[in-house]
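In what follows, a structure is listed as structure tokens, so that the remarks can point back to it.
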């Protein structure tokens with residue numbers, strides 16, 4: 001009943017919000033003041049391009065390229081998505097929608113520099129944008145829909161930054177950041193970046209010291225199956241993170257107009273976590289978890305562009321990276337009486353990647369462009385996990401769980417992209433890609449014996465994108481595409497899940513997800529830089545969807561192997577369940593593939609400049625996503641949404657630049673509806689708390705900016721209820737219910753940055 005009432009409230013709020021948005025956008029299209037529109041709308045042969053010249057940004061006194069992008073409609077949403085993707089362990093090479101896709105040519109909203117992706121995976125595009133001085137930018141282009149000659153295929157928005165050529169002056173950018181979290185001492189971060197040129201060589205070198213501390217507190221209340229309160233637990237977690245980063249970017253312009261770009265990254269980071277878990281009531285517990293993690297990484301990437309005359313334009317790209325991670329866990333109990341360590345865990349991970357890509361683009365007619373090429377990716381992933389436990393301080397440690405996996409993946413693609421300008425208003429882009437890949441995964445056992453998985457895949461991935469400009473301000477887009485996901489090799493290796501307090505066993509037989517995606521979008525761009533609004537509908541059909549799967553070895557009363565359905569058709573028997581739990585493989589789950597799954601929904605994106613109410617430099621923007629997903633729960637056989645996927649998501653941004661005062665302020669609010677996660681023995685719904693932040697910026701002097709931002713203003717992360725079941729959730733025998741409420745510190749981040 002609570003969920004139904006909450007969903008009705010959300011639906012009503014959503015309806016009111018969009019009624020207001022549609023009314024204001026309709027009014028703005030009529031009454032927007034044209035006096036503040038300083039950019040020029042250009043239609044070229046491939047796509048509708050809106051160009052923001054350098055002069056447009058003078059009034060805002062930007063220090064870095066990142067400052068400039070904050071004033072470009074659509075850019076803040078891509079930057080926010082990149083930050084979210086990076087925090088979730090995704091890529092960071094410029095795409096906000098391509099997380100999990102294979103290959104550098106994948107599409108989605110993108111940020112490019114001189115028409116090219118950043119040739120890097122670990123080298124994050126947002127960090128690069130923050131190191132480029134605004135003085136080195138010539139213009140920023142917004143490209144909507146299909147376009148030829150770019151390093152990406154896009155059905156949405158591409159932002160292309162054109163850097164000034166032959167800039168003779170050198171600039172040094174510096175930034176100091178102090179972040180104070182409630183209850184913690186201020187931390188200090190520093191960044192210095194120097195850019196310049198020497199003849200035909202442009203260069204940027206930067207160094208950064210990172211520092212981040214934080215904590216959360218979670219109150220947990222336990223209830224028995226009769227819904228009677230039994231105990232509570234306080235979880236007090238804090239972390240301390242320190243690191244160093246060195247970056248470089250080199251660009252050399254040859255006399256024949258060919259261009260070579262190189263970039264490099266070296267980073268090291270240490271993080272220490274401390275977690276107290278104090279339980280009172282019917283189960284006294286006082287334990288402490290300590291974690292020490294060291295990460296080291298380096299990466300070198302580059303691209304080379306050359307005109308080969310009648311053969312066309314050659315573009316090559318390469319990325320080579322190396323990353324190691326070592327983790328040590330120490331878990332102790334009885335801290336208030338006779339403390340002793342009961343678990344020691346060691347995790348070592350080595351990840352290496354080599355990517356090479358080459359394309360040749362040629363205009364086969366005045367209205368048609370053909371790009372052909374290939375890509376090779378050679379990946380390796382080695383991970384060792386070892387967990388040793390004991391019951392008493394006098395007992396020796398014994399191995400509880402152990403895994404050692406070495407993986408190699410070789411992937412090769414050949415592709416052809418064809419762009420056909422059917423008319424001045426219709427562009428058709430089609431792509432044929434064939435992928436050949438091979439995965440070899442070795443499980444290495446303590447006696448050095450090996451269990452090998454050797455699998456080859458061939459995927460045919462067509463893509464068709466149609467763009468139709470109804471008017472200079474109205475555009476229709478449609479895309480049909482076959483996609484294949486990038487595998488997360490961490491799912492191949494056993495690990496300990498601290499959230500659920502259980503081992504999550506690895507599975508080396510996971511296959512990549514496949515999906516057919518169907519997109520249809522309508523976009524209207526308001527006159528005189530007044531903003532835009534876009535409606536996009538999508539449908540995705542998955543094959544080999546990756547989710548948690550039942551890997552229990554079921555037996556009958558004679559202990560003969562049977563399948564799951566045969567087991568659950570037997571009369572309930574505690575002894576048989578105890579045999580599986582104690583003598584068999586236990587009731588276990590692993591990440592695996594299921595036959596099919598679907599999702600559909602709508603994305604709404606809008607930005608509105610408030611010139612019609614006299615705020616020419618105020619912009620309100622937002623995105624709303626409705627996604628209805630469905631997959632069969634492999635434990636209960638019920639239809640469920642995807643794990644941790646909310647039905648509704650809002651992301652609202654506001655920014656107002658008061659140019660006369662050199663002052664800017666604004667904020668961001670992110671809301672998500674309820675979601676859930678589940679496993680073989682639990683069901684865990686949760687209600688995320690809204691994320692709210694506000695900021696103010698002030699240009700103290702020309703080229704020096706002060707910024708203050710308040711984050712996590714609610715001080716809460718959310719509320720969840722975990723239902724734990726005995727043995728297997730399908731028996732429907734509740735063991736306990738845990739209500740969890742998490743609070744986080746409010747943060748104040750103050751930074752000062754400048755150039756000289």
query = Under the definition of Cα pairs under 8 Å and six or more residues apart, what whole-number percent is the relative contact order of the chain?
reply = 10
query = What ranking of 430, 338, 664 emerges when the number of other C-beta atoms within 10 Å of each C-beta is taken as an exposure proxy, fewest first?
reply = 338, 430, 664
ask   = Cα convex hull of segment 619-719: how many Å³ per residue?
value = 114
message = Cut-off 20 Å, label point 7 angstrom out along Cα-to-Cβ of residue 270: give me the residues of segment 276-297 whose amide nitrogen falls inside.
response = 289-297
query = For labels at residue 748 and residue 350 in the simple 7 Å Cα→Cβ model, what's the distance in nm?
reply = 4.8
key: Helix 75-87 vs. the chain, principal-axis angle (Cα, 0 to 90°, nearest 10)   = 30
key: MRE, 222 nm, helices only [DSSP H, n ≥ 4, -39500 (n - 2.57), over the chain, to nearest 500]   = -3000 deg cm²/dmol
query = Cα centroids of segment 626-686 and segment 293-309: how far apart, whole angstrom?
reply = 34
ask   = Shape of segment 221-325 from its Cα gyration tensor (a ≥ b ≥ c, root eigenvalues): rounded if a/c is under 1.5, otherwise prolate when a/b > b/c, or oblate?
value = prolate
query = Taking only Cα atoms, what is the 0 to 90° angle, nearest 10, from helix 2-31's long axis to the longest principal axis of the chain?
reply = 0
task = With no solvent and one equal point scatterer placed on each C-alpha of segment 285-413, evaluate the Debye formula and give log10 I(q)/I(0) for q = 0.09, 0.15, 0.18 Å⁻¹, two decimals.
result = -0.51, -0.84, -1.00
request  = Rank the residues 387, 178, 583 as a footprinting-exposure proxy: fewest other Cβ atoms within 10 Å of their Cβ go first.
outcome  = 583, 178, 387
task = Could you list 706, 69, 519 in order of exposure, starting from the residue whose Cβ has the fewest other Cβ atoms within 10 Å?
result = 706, 519, 69
query = Could you give the alpha-carbon Rg of the chain over 2.2 N^0.38 Å, rounded to two decimals?
reply = 1.01
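No lab work stands behind these numbers, since they all come straight from the coordinates. Just so we're clear, the structure is a prediction, and the values are computed from it rather than from any experiment. Positions of Cβ are generated from backbone atoms using ideal geometry, with glycine treated the same way; all protein chains shown enter the neighbour counts.
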